[in-house]
Structures are given as structure tokens and as C-alpha cells.
Amino acid sequence: MKILLVEPDYYTRYPPLGLMKLASYHRSHGNQVKLVRGTNNNLHFKPDEIVITSLFTYAWKPVHEAIEYYHSLFPEAMINVGGIYASILPDNIKSSYPFVNVYVGLHDEAERYSPAYDILTDVEKWKDWDSIIVFTSRGCIRSCPFCIVPEMEGAIRSIPSDVWNFIYPGHKKIILWDNNFLASPDWKEAINNLQETGLKIDFNQGLDARLIDEEKASMLANLRMPMLRMAYDLVGEKKAVINAVNLLEKYGIKRRNILFYTLYNFYDDTQSFGDTPYTFLARVKDILELGCVSYPMRFEPLDSLKKNQFVSPLWTAKQLESIAKARRVIGYGGAFPPYEGLIKKFKNAKDFTDAFSLYPEVK
């Protein structure tokens, strides 16, 4: 069989890992595969099956465009659609395209395969990709209401594989997409394997500050990490955040090289609970005063069909826009580093409006 793998033309910084694993899976069954991005009529490839991936729910339009385009080109080919949007809102696809098979959740059989990085060379956007993307675990021990992981992946579990099996010749960095790496039963073995590779390591999804202890901090410090990422989502995590930073510094990780994803605009209708401009500012101040980097992350409902349209009842659109402007003007790369001027600005601000006001005013 010939399998056409399609990545819709939405914005993303990373290649389609799921499709790359499916490529290896299908090859192991004797099938031919080809990867394309967006709509492409210069294929020289007539597929028996078309597999389309999806990303966040608000990036649904390129997915629908891909379905329509490739169905018109190959009306007899079977079409399967998977990924995040397909898993969260499968009926959105089924109601519009009854001829499509929607796959919800992970493809368990493909999960154990190494990604087929060689298929990226056919796609202009990814032809120079030089990093290895790895999951050493799936799932999480938390049940955060703003996160899709429990629904998509379930409880925490290790993936029985050696990191060495995923090393691709010529790649210079390992990017881990584990959702709670330190909660994995085999975190220690995974760190040892990562250290042995000698490659740069990026815990891209962030580590759980609440799980950092002496042993974990000492072992993490042995890895080549330009930046260590964690999250500071709620003010109740302050004690754990401070403890994690102190332990990591104790074993040699510089505070300036620690970044905290900082959630804002979150609201849970079921509990009438969410963060506020005040609690967000408090967390940003905590992070900068610790000498670390704050990276604001605007909350988006899991089923949102349009990005940045949701405004929490505890926030105003103007307040949200002030953060976006501040990230562009007084931040760096969308983050707030622990610059002396920024620390003073936030520390001496009389309120949220004062903290995120810009001088001179940006229009």
C-alpha cells in the first residue's frame, strides 16, 4: 500500500512526530510512505490511504482544507485523521466529512517505533531539522483542569525503550516531550541514558517543580541543558518553586538558565476559579526576584476554535493585551528575563496596570 502522510499548513515549530512514527510503522508492514505539508499537487504518488494529523483546536481550518483538497485529488483513497484536534472534537470532523475515519488518542502500535526523520527531507520547512524528539513517558500524575494530557494519554507510565534507540545520526539535541518526566517510574534510568548521549537536552514541556529534590537536582545538573524549564501556574506552588530553584542552584544550574512557564487568563467554570491579574503579577515578581525567567502562557480553552478570543471573567481584554505588548516591548523573545530594570519595575509597581504600562505609550 501507498500511504500519504499530511501535515496541514498551520503554524508549528516542530515537525509532525506522530506522522514520523507512523511512517516507521507502515514501513515495517511493507508499505510505501510519503510526507507532505499543506496542499501539494506535485506528488507523483497515488495513495491508497491518506493520514492527516492535527494540532490545537483553534488550528482546525488547515485540517479541513487538507481533508477537502486530498479527497478531491484521490476520492477513492481512505482518509484517517488523528492528533489533538481530532481527539478533542472528533464530531466536528465527522459531521462535515462522513467519509473520514477519525482516530482518537494515541496510536499505541506506532508509539514504540523510532521516528522516520528521513521523510523530513522532502518538506522544505523541515529539511534542515537536526533535533531528536523523544517521549520517555506518557501521561501525568496531575489532573490540572487546563491540560488535555489526562484525556489524551491517561495515567503516568514509562515507554519501554532505551533513549539510544532514538538517536539519529547528525542530530545535535534531544527534545523531550514528556508531560511530567520526573513523575515517571523510570526517570532515573532515563536521565542516565540522556547523560551518556553527550547531547544537549531540552525538557520542552517543563519539569514539575513540586517533584524536585536533592537527588533529582543533582542528576539534572549533570545534563547539558542551555535552559531548564518548569511551570509556576498557581500562587500555592510558591514554596515548591523556591525550593526547586535553590536546589538546582546548589548543584550548579544558574538561576538565569531556569525558565518558568507562567499561566494566565485561566478560568474553570465548574469551580468558578481562576487566576487574576494580581496573582499573575505576584508570580512574575516571584520568578524575577528569584533570578529566573518568566514566560507568560495565555490560557486557551481546550475546545477553542479561535485563538486568543477567550477572556476570563476575572480579566479584561485590555489587561490581556497589556501583557502581549509588554512581552514584545520590554520582554525578550516573549519572556521576562531577570533584568535589573524589569525587576525594579515590577517590584515597585503600585498595581497590575502600573506594572505592565509602557513608557512611552505604545500605539
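Okay, residues lined up against (1) in a helix (DSSP H, G or I); (2) in the same structural domain as MET152 (by TED's automatic domain parsing); (3) at pLDDT below 95:
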position	(1), (2), (3)
ASN179	no, yes, yes
ILE201	no, yes, no
ARG210	yes, yes, no
LYS216	yes, yes, no
MET219	yes, yes, no
ASN222	no, yes, no
GLU237	yes, yes, no
ILE242	yes, yes, no
ASN246	yes, yes, no
For this session: Kindly check whether there is at least one residue in the stretch 301-308 that is buried (at least 18 other Cβ atoms within 10 Å of the Cβ) and touching a residue at least 24 places away in the same chain (Cβ under 8 Å).
Result: no
Exercise. Here are some conditions: (1) over 19 Å from THR12 (Cβ atoms); (2) surrounded by 15 or more Cβ atoms within 10 Å (Cβ to Cβ); (3) not hydrophobic (A, V, I, L, M, F, W, C); (4) not assigned by TED's automatic domain parsing to the domain that holds PRO15. LYS94 meets all but one. Which one does it not meet?
Worked result: (4)
For this session: Quick one: count up the residues across the stretch 231-288 that are in contact with a Phe, Trp or Tyr (Cβ under 8 Å, 6 or more places away or on another chain) and among the aliphatic types (A, V, I, L, M).
Result: 8
For this session: Please state which of the following conditions ARG328 fails to meet, knowing it meets all the rest: (1) assigned to a helix (DSSP H, G or I); (2) surrounded by 15 or more Cβ atoms within 10 Å (Cβ to Cβ).
Result: (2)
Exercise. Inside the stretch 61-99, can you point out the residues that are free of Cβ contacts under 8 Å to residues at least 12 places away in the same chain, within 13 Å of PRO47 (Cα to Cα) and part of a helix (DSSP H, G or I)?
Worked result: SER72
For this session: Specify which of the listed residues (LEU120, LEU43, LEU35) is modelled with pLDDT of 95 or more and either assigned to a strand (DSSP E or B) or exposed (fewer than 15 other Cβ atoms within 10 Å of the Cβ) (or both).
Result: LEU35
Exercise. Checking ASP268 against (1) over 19 Å from PRO337 (Cβ atoms); (2) free of Cβ contacts under 8 Å to residues at least 60 places away in the same chain, which single condition isn't satisfied?
Worked result: (2)
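The values are calculated or read from the model by the stated rules, or taken from the named source; none is laboratory data. Treat the numbers as computed from the prediction; the structure is a model and nothing was measured. Backbone-built Cβ (ideal geometry, glycine too); neighbour counts: all protein chains shown.
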